[in-house]
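The values are calculated or read from the model by the stated rules, or taken from the named source; none is laboratory data. If you're wondering where the values come from, they're calculated on a predicted model, not measured in any experiment. Cβ: placed from backbone, ideal geometry, glycine included. Neighbour counts: every protein chain shown.
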Amino acid sequence: MAAKLSFAFPFPLERSSKPFQRISVLALPQLNPCYGFCFSKRNSGFRGLSVNALKEEVIQSANSETTPHSQTTFPTSSKLVLVIGASGGVGQLVVASLLNRNIKSRLLLRDPGKATTLFGNQDEEKLQVFKGDTRNPADLDPSIFEGVTHVICCTGTTAFPSKRWKGDNTPERVDWEGVRNLISALPSSLKRVVLVSSVGVTKFNELPWSIINLFGVLKYKKKGEDFLCKSGLPFTIIRAGRLTDGPYTSYDLNTFLKATAGQRRAVLIGQGDKLVGEVSRLVVAEACIQALEIEFTEGKIYEINSVEGEGPGTDPEKWQELFKTAPAQ
Ligand SMILES: NC(=O)c1ccc[n+]([C@@H]2O[C@H](COP(=O)([O-])OP(=O)(O)OC[C@H]3O[C@@H](n4cnc5c(N)ncnc54)[C@H](OP(=O)(O)O)[C@@H]3O)[C@@H](O)[C@H]2O)c1
């Protein structure tokens, strides 16, 4: 079995000669994923999970009060959701949840081999993988977006210099240029584009945000947000607090399922960049998926935190209420 490679960056960044070639997940080799935290390395005691193994259980376990929805078998959906950043902490959970809901997903990965490691051998009808780096406009061929109905973008890199900046994968390149390139390439026919951003982006010159922003991460995320807002695409922006729970790996099987969520299952949603706190990656992933369905979240920016108490689970009505009652700016 391969060794875990946390905080390493073992994958070369050279471009594929066929960047927009669709790759069958069934044909992909098993590779080692690598992960890193962006703002903080604290992960509240959750060491990892197999997304591959969690497909059925993750959201149920995350909301172990077990809402009726957590037992639901979802009917096949007509959506095709493109996930960018699917090998990351939030992205993995987004894809796992989409698969669990029988929603077709398409992934744009710099290293498509990660798809098999993370999500197993999936039917191409359910999961398609394209190779691409958002920093390279040439990688964002229109064929990638054919048939796509919704987009969830959860790309990111570390706020401070790290191995994950290798090959100039800095906040400026990923959170600004990459997001700009992606948005520029998206077709206007999309029903929704959800972008994961960060709390504090409007206050990057103020303490303590200015410290996090020393290398520009908040400033560049805000530029990415602004570009999306002005793009004319139907968008929702989810600004996460400091992320907890994960990133996950395929090597710490089932830890997650035993440890998930603790007392902090409740969700706080705000508007106007006033929230300060932390949020579970599970909650961010669920918020992204729920927002796709809730019409009034179009054109809105929300901040999200996890707090103590019982959570909404995957219950659409509870999420609708949370978004609806988010204090206005
Ligand atoms: N960490 C925090 O406390 C915090 C707080 C607020 C907001 N956020 C934001 O929340 C989002 C999710 O965070 P996370 O920690 O779950 O993410 P993550 O684990 O850091 O994953 C980042 C993802 O972005 C992909 N990516 C990076 N550069 C790319 C590029 N040039 N082209 C295409 N894909 C690229 C990575 O792919 P590879 O596998 O190829 O590297 C990976 O899938 C990010 O936007 C993050 O900045 C984080």
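As for region 110-124, it holds at least one residue that is basic (Lys, Arg) and outside any helix (DSSP H, G or I). Just one of the listed residues (Asn136, Asn102, Asn121) is among the polar types (S, T, N, Q), without any contact (Cβ under 8 Å) to a residue 40 or more places away in the chain and more than 19 Å from Gly216 (Cβ to Cβ), namely Asn102.
Within region 290-306, the set of residues being crowded, with 17+ Cβ neighbours inside 10 Å and over 16 Å from Ile152 (Cβ atoms) comprises Glu303, Asn305, Ser306.
Of all residues in region 267-276, those that are buried (at least 16 other Cβ atoms within 10 Å of the Cβ) and either in a loop (DSSP other than H, G, I, E, B) or in contact with a Gly (Cβ under 8 Å, 6 or more places away or on another chain) (or both) total 5. Listed by first and then second residue, the pairs with beta-carbon distance under 9 Å, at least 6 apart or on different chains, first residue in region 276-301 and at positive phi, second assigned to a loop (DSSP other than H, G, I, E, B), are Gly277/Val199; Gly277/Gly241; Gly299/Pro234.
Against the conditions (1) within 16 Å of the ligand (Cβ to nearest atom); (2) more than 29 Å from Pro316 (Cβ to Cβ), Asn121 satisfies every one except (1). Being on the phi < 0 side of the Ramachandran plot, under 20 Å from the mean Cα position of the chain (by Cα) and of a type in the set (Lys, Arg), is that true of even one residue in region 194-211? The answer is no, given that none of the residues of region 194-211 is on the phi < 0 side of the Ramachandran plot, under 20 Å from the mean Cα position of the chain (by Cα) and of a type in the set (Lys, Arg). Among the numbered conditions (1) part of a helix (DSSP H, G or I); (2) more than 12 Å from the ligand (Cβ to nearest atom); (3) among the polar types (S, T, N, Q); (4) at pLDDT below 95, the only one that Ser184 does not meet is (4).
Annotation note: Cβ proximity below 7 Å between a residue of region 78-94 that is under 15 Å from Gln128 (Cα atoms) and a residue that is more than 9 Å from the ligand (Cβ to nearest atom) and small (Gly, Ala, Ser) (sequence gap 6+ or interchain) occurs for Leu80/Gly147; Val81/Ser105; Val83/Ser105. Annotation note: Cβ proximity below 8 Å between a residue of region 153-167 that is touching a residue at least 12 places away in the same chain (Cβ under 8 Å) and a residue that is surrounded by fewer than 15 Cβ atoms within 10 Å (Cβ to Cβ) and not in a loop (DSSP other than H, G, I, E, B) (sequence gap 6+ or interchain) occurs for Ala159/Leu214; Phe160/Leu214.
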